[in-house]
1. So, in segment 188-197, exactly how many residues are part of a helix (DSSP H, G or I) and under 17 Å from Val48 (Cα atoms)?
2. Only one of (1) at pLDDT 85 or above; (2) within 20 Å of Thr166 (Cβ to Cβ); (3) not charged (D, E, K, R) is not met by His43, so which one is it?
3. Has segment 141-148 got at least one residue that is of a type in the set (A, V, I, L, M) and crowded, with 16+ Cβ neighbours inside 10 Å?
4. Which of the residues that make up segment 144-167 are assigned to a loop (DSSP other than H, G, I, E, B) and hydrophobic (A, V, I, L, M, F, W, C)?
5. Can you say whether Asp160 is closer than 23 Å to His44 by Cβ, buried (at least 18 other Cβ atoms within 10 Å of the Cβ) and in contact (Cβ under 8 Å) with a residue 60 or more places away in the chain, as far as the supplied structure shows?
6. Filter segment 53-99 for residues that are small (Gly, Ala, Ser), surrounded by fewer than 22 Cβ atoms within 10 Å (Cβ to Cβ) and part of a helix (DSSP H, G or I) and give the result.
7. Considering only residues that are in a loop (DSSP other than H, G, I, E, B), of a type in the set (Asp, Glu) and within 21 Å of Ala49 (Cα to Cα), which ones fall in segment 125-138?
8. Restricted to segment 109-124, and to residues that are of a type in the set (A, V, I, L, M, F, W, C) and part of a helix (DSSP H, G or I), which residue is nearest to the chain's Cα centre (by Cα)?
Amino acid sequence: MYLSVTFFSYMITKQFFHIKKLKQELVTALSNSLGSRDTYTGHHSENVAKYALMIAKRIKLSKEQCDAIYIGGLLHDIGKIGVSESILKKPTRLTREEFEQIKRHPDLGFNMLKHISSVEELGVLDMVRYHHERYDGTGYPAGLKGEEIPMVARIICVADSFDAMTSTRTYRNALDLSYAKSEIFNNRGIQFDPFIADIFLEILENEGRTVLRRVPSAKFLRSFEKLG
């Protein structure tokens, strides 16, 4: 009897880790598929995951919540798979019509992932759909305001904006760290949750330019595999 219970426990544990590995591989495959279309977006997603995880740890979210934030950072822009490559890689600023196409990516990403139960359970759908909402209610796609915006999406919003500012784009060079910090500070309560913004500014103050070190993809994926 003891042997059969032990064997059953072993098989359950083995199955659990098998499912966990499949989830990790699924997230990695989705993230890589986006990066293969647009190198900037692929690296951007890795950086957003890193910054968002820093915030999550600083405000002492649970390990499960930190893991979810990390995955949400990886997948927040997954909807850009449905946006024209010519728009994603355009070397000049977007026209109004092109920007309207870009604005579809949160809903596109949500619709891509909504049938994956593990993604929904982790709260990743909120990060994918609402990371472009603004604290003052003028964002998209839903025009949510303040605490109507899920906290995980408010975290991704700060991380996303910071990396966009401090990364070189096809149409401009990376902006200076001090400029990015001032933009985050000046947009507290407008674009960003003031509490989340202050937490990230505190991290930047303590860590300095080391925060900007990009994580090589291979090392990043190894660290992702250690989650959980």
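1. Residues meeting the conditions: 2.
2. Unmet for His43, out of (1) at pLDDT 85 or above; (2) within 20 Å of Thr166 (Cβ to Cβ); (3) not charged (D, E, K, R): (1).
3. First pass over segment 141-148, keeping only residues of a type in the set (A, V, I, L, M): 142, 144.
Subsequent filtering for residues that are crowded, with 16+ Cβ neighbours inside 10 Å retains 144.
Yes: segment 141-148 contains one or more residues that are of a type in the set (A, V, I, L, M) and crowded, with 16+ Cβ neighbours inside 10 Å.
4. Selection gives Leu144, Ile149.
5. So Asp160 passes the test.
6. In the first step, residues of segment 53-99 are kept if they are small (Gly, Ala, Ser); the result is 56, 62, 68, 72-73, 79, 82, 84, 86.
In the following step, the residues that additionally are surrounded by fewer than 22 Cβ atoms within 10 Å (Cβ to Cβ) were identified as 62, 82, 84, 86.
Answer for segment 53-99, where residues must be small (Gly, Ala, Ser), surrounded by fewer than 22 Cβ atoms within 10 Å (Cβ to Cβ) and part of a helix (DSSP H, G or I): Gly82, Ser86.
7. Here is the first cut: in segment 125-138, the ones in a loop (DSSP other than H, G, I, E, B) are 131-138.
Filter once more, keeping what is of a type in the set (Asp, Glu): 133, 136.
Matches in segment 125-138: Glu133 only.
8. Val124
The values are calculated or read from the model by the stated rules, or taken from the named source; none is laboratory data. The shown structure was predicted, so the numbers you read here are calculated from the model rather than taken from an experiment. Please note: Cβ atoms are built from the backbone with ideal geometry, for glycine as well, and neighbour counts cover all protein chains shown.
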